[in-house]
Structure formats: structure tokens, C-alpha cells
Amino acid sequence: MDLNSVHHYRIDWIASFVAVARHGSFSAAARALYRSQPRVSSHVAALERLVGWRLVDRSVQPSILTPEGRGLLPHAEEIIRRLDLLAETAEGAVCGTVRLGCYPSVATYLYPRVVQALRATHPQVRLVLHEGSSLELGTQLADGGVDLAVRPLHPLVNSDRVASEVLWREPLVAVFRADHPLARIREVTLAQVARLPVISIGESDDGHSRQYETNLAFANHGLHPVISERTNQPQTLISLVRHGLGVGITNALAMTTANTDGVCLVPLADAGCERVVAAWWRLNEGPSPAVEAVRDCLSRLSPPQWPWPDEAEGRTDTAEGQPDTGEDLTETSPASFPSSLPYTG
């Protein structure tokens, strides 16, 4: 819109027109606006001259809007509504549009809850979702592409202009095909998993693979598994596991928000196998009240819960606790799996 043309429109003309439409007559509109009736009439006439249409039919009593007036009314009411928001902002009300970056499993779990919570506490704050990988979100936050991001602490964000606050810690889990012998135990160790081809978190060519939690967990325990595949998409990881390409190691939330038909989740027994998820924001000279409102909302939400299958019937404590079947469970290769799974549903 040409900003120079805005100067031709006066707010009191628009307010008088809306008041006549709402109250049904010039006299009633004048009383509502605490103005004289001739002043209200002159405002509406001035607006009519500017737009080039007759907006109010004065030949009938009470006055009614013309078709052009009915067409213009929603736009005039929207202008008044926006001015009300502007006045409330000037008086200290929190409003604005906040761009929130999330990686896939957080977008599934957290984003709807944040929107619902904001509607109750700050109805004039609007969220816009930006989805991406952890690396993409870190870059977007530092460069101003998003205002807030919910992402893990790893991989690290290469910027000294951002800060973070931990929201929750979630364990890493092993993902086995349903017919794998290790799929029915209560927990598994990294050493057992490291003997199998591993499907891990990350991108194969992003140059940051060693910073992801799965790789750090193996490295911290002195293990060097064969990484057969890497992916940031939970459903892709599950599909790779279903097809016998390896055992998946990923964060718990990714699996609890995905379709896990045909696979089993087994907790890891080793200490320190976790993902730390945080809210991230940019360090600005003056903090935005809208961003602060979203941050406060994020910090108040309950962390995810993990429906562990360790209470499932038929599970044993460890691989060593299973009955002796004559095979080494820790070295069972996915390549020996049948080509199809016996699905029941």
C-alpha cells in the first residue's frame, strides 16, 4: 500500500461510519461517540466522498447501509479493532507474533500445548511454527530467522548471541524390530547395541555427527559402533529398523510421537544416555514482552512422560536373564531376520 494515501483517511471518519452501522442511526451514533449529530454526519459524508460511494442510505428511517457500505464495513471494523490493539499495547498489554522454531518430535508434542496455554494467558500473542533440524534452528535463531527455538543442547549453537534454559531431559532408547531377541528384554547396554549395525540421529554429511547425543554416548563409553544410517526423521528411522537395516538409537520423544508398529523400544541401561532439551533465545538489547511470555509459557508446561514398555508382560531384566536358547543374543545380526514381520493389526 502507498503510505502517502493513508493520510487522506481520518480515523474519526471511520469511527463515525462504524458507529452509524452499529447503532442504526446518526443520532444514536452521535450519543455513543459523545459528538454532535451534524459532526457525525459530516464525517460519514467525507468518507463517502473519499471512497466515491454512498455508504449510508439516508432516504429511509432508520438509516441503513448501502451494498457498498456493507462491503466496506468489515474493513472499517478491522481498522478499529487494530487500533484497539495498538492502544492496549501502548498501555502495557502483551501482544505480537512470535516465530517459534521446533524440530519434528517437539513440534508434534509441544507446539499444540504452547498454543493452547498462550490462548489462556496471552490471547493477543500469536505463534508461528518454523520446523527444522537442530542445526537449522540454531542457525535461524542466531541470524534472526526465528525468535525462539526449542532444540537440544547438542549439537552446539555456534554463536555467542544466544542463551538457553533447560526444559527437560529425556533418555535415549534402542529401537529393535519386533522379532529381534533383544526386543523383549527390560533394558539393553550400549555395549550390546554396539555389536550391531546402528541407525543413529543426524545427517550423513552435515559434519556435526559426533556432536549428536547418540554418538557422544557411545564415545563416552569407549565404544565405536558401525553407523549404518543416519536420519533426523523419526518415521524414517523406524522404517529402516523395520526393514532389518540395524538397531535404532534415538531420543525417547521421537519414538513416543511416532507410529512404532513393528518395532519395540528398549531403554538403555548405561548412565548418561540422554538428550537435554532447552528453550533458546537471542540476546537482544531490549527483550520482547511477547517472546518473554512464550518463554514463561514453555517453562510452565509439564515435561513429556515416557510410557516405557519395561512393564510389559514377558520381558526379562537383561539379555543375560533370558532362558538359554543356544544363541548369542548380543551378536544377532539384523541380516538374519525374516523378510517380513508377523503383523497382527
Mean separation of Cα contacts under 8 Å (6+ apart) over length of the range 57-208, as relative contact order %: 18 percent
Trypsin sites (Lys or Arg not before Pro) within the range 103-161, DSSP loop, no more than 14 other Cβ atoms inside 10 Å: 161
Projected label distance in nm at residue 51 and residue 9, using a 7 Å step from Cα toward the beta-carbon: 0.9 nm
Under 5 Å, built H, 5+ apart or other chain: amide partners of residue 63: 26
Residue 27-residue 191 pseudo-label distance in nm [points 7 Å out on the Cα-to-Cβ vector]: 9.5 nm
Pairwise label distance in nanometres, residue 165 with residue 283, each label 7 Å out on the Cα-Cβ vector: 1.7 nm
Protection proxy ranking, peptides 29-40, 191-202, average beta carbon neighbours within 10 Å, highest first: 191-202, 29-40
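Tell me which GluC sites (Glu not before Pro) from the range 199-303 have a DSSP coil assignment and no more than 15 other beta carbons within 10 Å of their own.
203, 285
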Electrostatic dipole magnitude of the range 1-83 [Cβ: Lys, Arg +1; Asp, Glu -1; Cα centre; debye, to 20]: 280 debye
Carbon plus sulfur fraction of accessible area for the range 97-178, probe 1.4 Å, in percent: 47 percent
Accessible surface, the range 107-162, averaged per residue in Å² (probe 1.4 Å): 50 Å²
Long-range HN-HN contacts of residue 130 with modeled amide H, under 5 Å: 100, 101, 102
Whether the range 1-70 is rounded, prolate or oblate, judged on the alpha carbon gyration tensor where a/c under 1.5 counts as rounded: oblate
Apportionment of accessible area to carbon and sulfur, the range 7-87, percent (1.4 Å): 57 percent
Placed amide H near residue 125: partners under 5 Å, 5+ positions off or other chain: 96
Simple Cβ-charge dipole of the range 26-131, Lys/Arg +1 and Asp/Glu -1, about Cα centre, in debye nearest 20: 160 debye
Positive-end residue of 217, 250, 278, charge dipole of the range 210-283 with Cβ unit charges: 278
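What does the C-alpha gyration tensor say about the overall shape of the range 95-182? Classify as rounded when a/c is under 1.5, otherwise prolate if a/b is larger than b/c, or oblate.
oblate
In Å², and per residue, what accessible area does the range 20-94 have when probed at 1.4 Å with the other protein chains present?
On the way: 4740 Å² over 75 residues.
I get 63 Å² per residue for the range 20-94.
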Ratio Rg/Rh [Cα only; Rh per Kirkwood] for the range 182-264: 0.93
Per-residue SASA entry for residue 122, accessible area with 1.4 Å probe, Å² rounded to 10: 50 Å²
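The values are calculated or read from the model by the stated rules, or taken from the named source; none is laboratory data. Note that this is a predicted model, so its numbers are computed, not measured. Neighbour counts run over all protein chains shown; Cβ positions are idealised from the backbone, glycine included. Side chains included, ligands, DNA and RNA excluded: accessible areas come from the protein's heavy atoms. Shrake-Rupley method; radii C 1.70, N 1.55, O 1.52, S 1.80 Å.
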